[in-house]
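Written out below as structure tokens is the structure these notes cover.
The values are calculated or read from the model by the stated rules, or taken from the named source; none is laboratory data. Predicted model only: the values in this text are computed from it and were never measured. A quick note on method: Cβ atoms are made from the backbone with ideal geometry, for glycine too, and the neighbour counts reach across all protein chains shown.
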Amino acid sequence: MPRYGTVQREKYKTLKNVFDLFTEKNLNKLISQGFFEGLESPLSIGKEANIFTAVAEGETRVVKIYRLQTCDFNKMFDYIRADPRYVDVRNNRRDVIFSWAHREYRNLLKAREAGVRVPTPLALLKNIVVMEFIGDDMAAQKLKDDVPEDKEEFLKEIVHQMKLLFKAGMVHGDLSGFNILNHDQKPVFIDMSQSTTLENPNALDYLKRDIRNVCVLFRKFGVKCDEESILKKITGK
Ligand SMILES: Nc1ncnc2c1ncn2[C@@H]1O[C@H](COP(=O)(O)OP(=O)(O)OP(=O)(O)O)[C@@H](O)[C@H]1O
Ligand SMILES: [Mg+2]
């Protein structure tokens with residue numbers, strides 16, 4: 001069984017064999033540049049990306065590989081061109097996917113600089129993002145699967161992180177129990193490829209949706225969650 005992953009070794013083997021040549025070449029480039037020594041275990045096979053752990057200098061890292069073939073790139077194109085930073089992205093599969101990976105890297109960096117708890121981004125090459133591993137011996141669990149000990153406090157901390165992000169001019173855009181990890185009873189936001197700046201005409205709607213998703217989860221946990229007052233706290237209005 002893999003050390004960290006939740007996907008069986010067999011699936012990993014199959015996947016490894018189907019990396020396209022382009023991705024394999026870029027993985028090797030990152031290896032030769034010293035970002036990691038090789039892929040270790042699969043952590044997740046998502047809609048658009050495959051995520052692996054890798055080891056470098058004795059520490060674990062995460063390698064997120066956006067798939068070039070099986071992603072919904074038309075939807076990605078619609079999303080990304082609403083972001084003022086990517087209005088010029090061309091409507092072809094590769095450009096859209098590279099911009100998507102680029103946006104995740106850039107957003108993680110910006111969030112990190114603003115003091116938001118996110119994985120530190122370490123490298124970007126085409127459709128591949130290398131980042132800090134969140135966890136200890138095991139990967140931190142998704143919030144939906146790891147109910148916090150102090151739920152009220154955890155929710156407060158999420159709102160605080162959202163506010164830091166907003167102050168830095170950004171909204172996450174896909175916040176939910178899937179994209180918040182519970183690491184040592186503190187939230188860590190992940191999956192920021194769809195995060196956008198406040199100049200995006202949809203930014204406020206994304207923020208409201210993020211708040212709604214967080215509240216839906218915390219209500220399930222039995223915590224009162226008032227969307228209006230959270231919105232006010234975050235925006236200061
Ligand atoms: N830096 C990290 N440290 C630990 N675990 C991670 C990290 N990044 C991702 N994971 C794990 O992998 C899962 C999927 O990651 P993520 O949400 O970034 O991609 P995704 O939702 O599959 O991507 P997509 O946006 O393409 O659908 C997470 O829910 C989490 O369990
Ligand atoms: Mg996700």
Would you please name the residue that is farthest from LYS110 (Cα to Cα), looking only at residues in the stretch 184-197 that are surrounded by fewer than 18 Cβ atoms within 10 Å (Cβ to Cβ) and not charged (D, E, K, R)?
GLN185
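When you scan the stretch 45-92, how many residues do you find that are aliphatic (A, V, I, L, M) and farther than 24 Å from GLY169 by Cβ?
Number satisfying all stated conditions: 10.
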If I ask for residues that are in a loop (DSSP other than H, G, I, E, B), surrounded by fewer than 20 Cβ atoms within 10 Å (Cβ to Cβ) and within 15 Å of the chain's Cα centre (by Cα), which ones from the stretch 141-176 would you list?
ASP174, SER176
Restricting attention to the stretch 28-44, which residues are outside any helix (DSSP H, G or I) and within 16 Å of VAL129 (Cβ to Cβ)?
GLN33, PHE35, PHE36, LEU39, PRO42, LEU43, SER44
Mind listing whichever residues of the stretch 172-186 are away from ligand 2 (no atom under 16 Å from the Cβ) and either in contact with a strand residue (DSSP E or B) (Cβ under 6 Å, 6 or more places away or on another chain) or among the acidic types (Asp, Glu) (or both)?
ASP184
Quick check, is ASP146 farther than 30 Å from PHE77 by Cβ, modelled with pLDDT under 95 and either in contact with a Phe, Trp or Tyr (Cβ under 6 Å, 6 or more places away or on another chain) or among the charged types (D, E, K, R) (or both)?
no
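Can you find a residue that is surrounded by fewer than 20 Cβ atoms within 10 Å (Cβ to Cβ), at pLDDT 95 or above and in a strand (DSSP E or B) anywhere in the stretch 107-115?
Looking for residues that are surrounded by fewer than 20 Cβ atoms within 10 Å (Cβ to Cβ), at pLDDT 95 or above and in a strand (DSSP E or B), one finds none in the stretch 107-115, hence no.
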Among the residues listed as LYS233, LYS237, the single one being assigned to a loop (DSSP other than H, G, I, E, B), among the basic types (Lys, Arg) and either in contact with a helix residue (DSSP H, G or I) (Cβ under 6 Å, 6 or more places away or on another chain) or over 26 Å from ILE51 (Cβ atoms) (or both):
LYS237
Of all residues in the stretch 45-63 being surrounded by 14 or more Cβ atoms within 10 Å (Cβ to Cβ) and in a loop (DSSP other than H, G, I, E, B), which is modelled with the lowest pLDDT?
GLY46
Residue that is without any contact (Cβ under 8 Å) to a residue 12 or more places away in the chain and either farther than 30 Å from PHE19 by Cβ or within 16 Å of ligand 2 (Cβ to nearest atom) (or both), where the choices are LYS224, LYS167
LYS224
Could you go through the stretch 207-221 and let me know if any residue there is touching a Cys at 6+ places or on another chain (Cβ under 8 Å), under 29 Å from ASN50 (Cβ atoms) and within 16 Å of ligand 1 (Cβ to nearest atom).
yes
Note on ARG85: of the conditions (1) free of Cβ contacts under 8 Å to residues at least 24 places away in the same chain; (2) more than 20 Å from PHE19 (Cβ to Cβ); (3) crowded, with 16+ Cβ neighbours inside 10 Å; (4) not small (Gly, Ala, Ser), unmet is (1)
